1. So is residue 142 among the aliphatic types (A, V, I, L, M), in contact with a Ser or Thr (Cβ under 6 Å, 6 or more places away or on another chain) and more than 24 Å from residue 83 (Cβ to Cβ) or not?
2. Looking at 300, 369, can you tell me which residue is touching a helix residue (DSSP H, G or I) at 6+ places or on another chain (Cβ under 6 Å), under 30 Å from residue 482 (Cβ atoms) and modelled with pLDDT of 75 or more?
3. Answer yes or no: is there a residue in the stretch 153-167 that is of a type in the set (Ser, Thr, Tyr) and under 30 Å from residue 15 (Cβ atoms).
4. In the stretch 121-167, how many are within 39 Å of the chain's Cα centre (by Cα) and either acidic (Asp, Glu) or in a strand (DSSP E or B) (or both)?
5. For the stretch 640-653, give me each residue that is out of contact with any Gly (no Cβ under 6 Å at 6 or more places or on another chain) and either modelled with pLDDT of 75 or more or part of a helix (DSSP H, G or I) (or both).
6. Considering the stretch 78-97 alone, what residues qualify as being under 35 Å from the mean Cα position of the chain (by Cα) and either more than 15 Å from residue 114 (Cα to Cα) or assigned to a strand (DSSP E or B) (or both)?
7. Scan the stretch 406-425 and tell me whether some residue there is aromatic (Phe, Trp, Tyr), modelled with pLDDT of 85 or more and either closer than 19 Å to residue 384 by Cα or not in a helix (DSSP H, G or I) (or both).
Amino acid sequence: MTEKLTIALAGNPNSGKTTIFNNLTGARQKVGNWPGVTVEKKEGKLRHKDYDLKIVDLPGTYSLTPFSIEEITARDFILNENPDIVVNIIDASNLERSLFLAIQILELGRPALFVLNMADVAEAKGIKINEKKLSQLLGLPVVFTIGNKNKGIDNLVEAAIEEVSRFSEGKESRDIRYCQEIEGCISRVETGIIQSEMNIDGILRWNAIKILEDDKIVKRKFQDLSDQASERIFQISQACRKRIYDLFEDDFEIVLTDDRYGVIAGIVKETVTNLARKSIDMSRNIDLVLTDRFFGIPVFLFFIWAMFQLSFSIGAYPMEWIDMAVSALSGSLDKILPSSMLKDLLLDGVIAGIGSVIIFLPNILILFFCIALFEDTGYMARAAFLMDRVMHTSGLHGKSFIPMLMGFGCTVPAIMATRTLESNKDRILTIMMTPFMSCSARLPVYIVLAGSFFAEKAGTVIFGLYFTGIIVAILSGRFLRTVFFKGEEAPFIMELPPYRMPMLKSLLIHMWDRSKMFLKKMGGVILIGSIIIWALSSFPRSIAYSVDYDEKINALKADYSQMIATAAAQEAEELNRQLSLELKDIENRKEQERVSNSYIGKIGKGLEPIFKPIGIGWRASVALVTGFVAKEVVVSTMGVLYGVGTDEGEGEALEKALKKSGMTALSALSMMVFVLLYVPCFATVVTIYRETSAKWAGFNLIYTTMVAWGMSFLVYRTGIMLGLS
């Protein structure tokens, strides 16, 4: 039985499309005009085995954006006439220019075949294209032809028929993914279309993109279906377009075009080898260094080190100002309020807890500013490209490193960003690895411990922790891939957008958007956590002390009062100073005994056998457990447990309290490693559950905690063996 198929030929002008059309159809052509359009229409027929093929030569065009008559005609035919397959004729000697139309054809979601024509011209120019890799990346067949020599035409026809057959068996077109902001807009408009329940033509994603591009033809079709529903969709689109303009100071169409060229640059980087010397643009000149296989990674590591050094060094100044403000507030309230449980709650619970964390806001802002700088300049994509070879050791590719890099900011959106990965195995594996990337919530813990025990080397220590997280993530990925995710790696396209001069407005918007999460936690989970920790550390109120501290205090005052009464003025001043220090020491010992006998002390003592082998005391172990709610709570818990914040700066008081408690540089390092590697927070576990399943969420919780304990044990015991304790 003869089967009829319609093949549409699309391509840029001068790509050899008409030559191939003539080779396919010979004298079996019909020439006229498209209905209502003064553009030449060519149709031809071809008999191939059991198939009657109708070949339609679409007008040559560089784009499917509906501006010119040629563009509208080509797009309308593909959308409305539903050809069985679109064959895109590409000038192989000018792949980068030709791929802009090719990307738009892919977005239509229809069966497609890419034909690399003029293969001989490309070869003469020293251009070598890996057609198998190109086919893998785009998810469609790619064939070479030499149209003017009638070479490869049979391969073209065979590949087209096979691709139509694959789509009839359920194959779907591969989506091209763009930057996070663009993808977020597409997702919101898609949701609006789904909720409208309109019966639309074409695939959902393509319609969403066209509405965001303010495509008048598509918008008119939506209005014809339902004025009310379409208006809601257009409002979502307008809000998205405004956000893109606020971020980039350019229209959505321009930003999307840049992203399309970024995808194209990534495709070319992966598939084209240019054996001849040629002039290259500024982005490529920069890439010669930044993506070089030898220099690229050291440069990347330097940028990451500089980011954390800046966060620590520049952030130290505003930290001091906030520290002084919190201290002044605490001191003022201490003098104003009468002694009561409410006063203890306010000073030792709310202010000590929140104050211990809010001083790190400048560091968080600087960190997010640097991450936004990497994204807006286009360097983030280069970092992922650099890490491609490293990521392959985990059975993944560089594209998986982008969500992981986002994990430096916050793990929750980083895990959600894995949706751009096409392979479900790759998605789950990347999700399992991402929690090892040190999120900004952990930074306050590092700053307190590294600042207290490593002083001027704190920035380097923090950089080392972040780098350790990357290494553990990659090694963990290799292990998990071998055990749970066996199989071939999925192909991918690495987007390499052009370098842009970042706009301050865009950087500040990105920085503020991400920092708002930190501030919301202040009034939510951190406040509640601080109050709970205070309550657990303040009760029971009646405790049987091992020593009568009040009697010791009275005796000490009596002794000193006699000495001061008989001493000279200068000597009396020194005696008063000594009395103050000794009284403070007794009060501290009394407070430590009180806390150790409180409910939270009992919890800590119960946890001590688990954490003692890794050098972590009971107070720190309680802080680690409460850190499961949110990592910022680790610092606020320590602030409450050590009773800091009422007589001097939060940071300075906590630093002294940590050293007095017996914590050493080695045990501080062990604790930082544990904080680095155990599950970031409860919200992360919930997000993993939503993105995968309860099984993987539970596994990640147990797995990350085991890895954290094991690495801390290794660090602590190795340090003791080397005599570093």
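The values are calculated or read from the model by the stated rules, or taken from the named source; none is laboratory data. It should be emphasised that the depicted structure is a prediction, and the values quoted were computed from it without experimental measurement. FYI the Cβ positions are ideal-geometry reconstructions off the backbone, even for glycines, and counts take in every protein chain you see.
1. Working: among the aliphatic types (A, V, I, L, M): yes; in contact with a Ser or Thr (Cβ under 6 Å, 6 or more places away or on another chain): yes; more than 24 Å from residue 83 (Cβ to Cβ): no.
For residue 142, the condition - among the aliphatic types (A, V, I, L, M), in contact with a Ser or Thr (Cβ under 6 Å, 6 or more places away or on another chain) and more than 24 Å from residue 83 (Cβ to Cβ) - is not met.
2. Exactly one of 300, 369 is touching a helix residue (DSSP H, G or I) at 6+ places or on another chain (Cβ under 6 Å), under 30 Å from residue 482 (Cβ atoms) and modelled with pLDDT of 75 or more, namely 300.
3. Within the stretch 153-167, the subset of a type in the set (Ser, Thr, Tyr) is 165.
Remaining after also requiring under 30 Å from residue 15 (Cβ atoms): 165.
Within the stretch 153-167, one or more residues are of a type in the set (Ser, Thr, Tyr) and under 30 Å from residue 15 (Cβ atoms).
4. 9
5. Those that are out of contact with any Gly (no Cβ under 6 Å at 6 or more places or on another chain) and either modelled with pLDDT of 75 or more or part of a helix (DSSP H, G or I) (or both): 641, 651, 652, 653.
6. Passing the criteria: 88, 90.
7. There is no residue in the stretch 406-425 that is aromatic (Phe, Trp, Tyr), modelled with pLDDT of 85 or more and either closer than 19 Å to residue 384 by Cα or not in a helix (DSSP H, G or I) (or both).
Residue by residue, here is whether (1) hydroxyl-bearing (Ser, Thr, Tyr); (2) in a helix (DSSP H, G or I); (3) at pLDDT below 85; (4) in the same structural domain as residue 190 (by TED's automatic domain parsing) holds:
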position	(1), (2), (3), (4)
207	no, yes, no, yes
262	no, yes, no, yes
273	yes, no, yes, yes
286	no, yes, yes, no
